[in-house]
């Protein structure tokens, strides 16, 4: 903001200097070949220019909506015609003496693929509708037969409407669900084994007699305490175990099977006195192993279903903001017909975006006093992130313009 204020102050001082003597026109000295500054005399008519700026811009950067992780999107300039759905643009320029006004509006609608985050998605498509509008007040520091040089200050309005389409991968969700279920089971098993090992001395004291229902109850109580307070359980398991519905039922079924399996292991000490009892315990352990596998499969299916019901097929969001900008523009005439044009600005400063900047360069051809055309390159970079909306991307590509001056 300080930069804008300083520029506006400088422009005001220059204006007062140039108009300090009413009716005075700066003219060349007798020895000069051309004037260093040549403005239309006060009272002269305004000069207007209407333009059709055609910008075939590719894009690359990070785009995120509604707090979802930003998606890296790339639409190369070489393939822009494959991604460009619609474009419309119009510019208007007015000049009177050293002061000028410039306004431009561009509408772009582009779409393209982005990188898929891991195994969850088969494909990902980003659709972006973008409105860019600029309004600037300029002051002409120099004008002559060879061209002109302006400083300007103004604002750039940007409106983004982003839609992300996601094709969910059934195989990917199944694999991730099985992995998550497997990790959850491993942690549950570790917790059960830890609980059992803590009560083993107490249990061994009674093994000689028999493992009674009271001992089994003690084990279940201790395991329950460990599972409820175990600090190293993964967050995913905590969420699943605290959830309501079929996912929670599957977790409880899995925990019950693991607890029973641990109890069967404790009974081995009493089983050594009888081969028949040992065989019975072995069969029981095999049955318990099958029960754990069934519980694991059921848990994986529940997680898979929860994933499918949670992941949206489409995410959309929109945002609009205004960036203050300052910059310059210039033109240099090589001949009566051929010329070069350039423009650059910087803005944002945390008021709208964190930072935005633009650069433009072109070669132009002046057909006559009214018609001219330009061919060049334009680049715009914007870094914006607020309220879950992220647009950290750059647009660049060929620029073709047609102008009419009257």
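Quick one: what pairs do we get from the range 83-111, first residue without any contact (Cβ under 8 Å) to a residue 24 or more places away in the chain and assigned by TED's automatic domain parsing to the domain that holds residue 394, second assigned to a strand (DSSP E or B) and crowded, with 18+ Cβ neighbours inside 10 Å, C-beta under 8 Å, 6+ apart or different chains?
Close Cβ pairs (under 8 Å, with a partner that is assigned to a strand (DSSP E or B) and crowded, with 18+ Cβ neighbours inside 10 Å) amount to 86/108; 88/106.
Considering only the range 153-168, I want to know if a residue exists there that is in a loop (DSSP other than H, G, I, E, B), at pLDDT 80 or above, at negative phi and assigned by TED's automatic domain parsing to the domain that holds residue 74.
No, the conditions are met nowhere in the range 153-168.
Filter the range 335-352 down to the residues that are buried (at least 16 other Cβ atoms within 10 Å of the Cβ) and more than 18 Å from residue 136 (Cα to Cα), then identify the one that is nearest to the chain's Cα centre (by Cα).
Checked the range 335-352; the qualifying residue nearest to the chain's Cα centre (by Cα) is 340.
Against the condition in contact with a strand residue (DSSP E or B) (Cβ under 7 Å, 6 or more places away or on another chain), farther than 25 Å from residue 66 by Cα, modelled with pLDDT of 95 or more and surrounded by 16 or more Cβ atoms within 10 Å (Cβ to Cβ), how does residue 326 come out, does it pass?
Taking the combined requirement at face value, the residue satisfies it.
The values are calculated or read from the model by the stated rules, or taken from the named source; none is laboratory data. Note that the structure is a prediction, hence the values are computed from the model and not measured. Cβ coordinates were reconstructed from backbone atoms using ideal geometry, including for glycine residues, and neighbour counts include every protein chain displayed.
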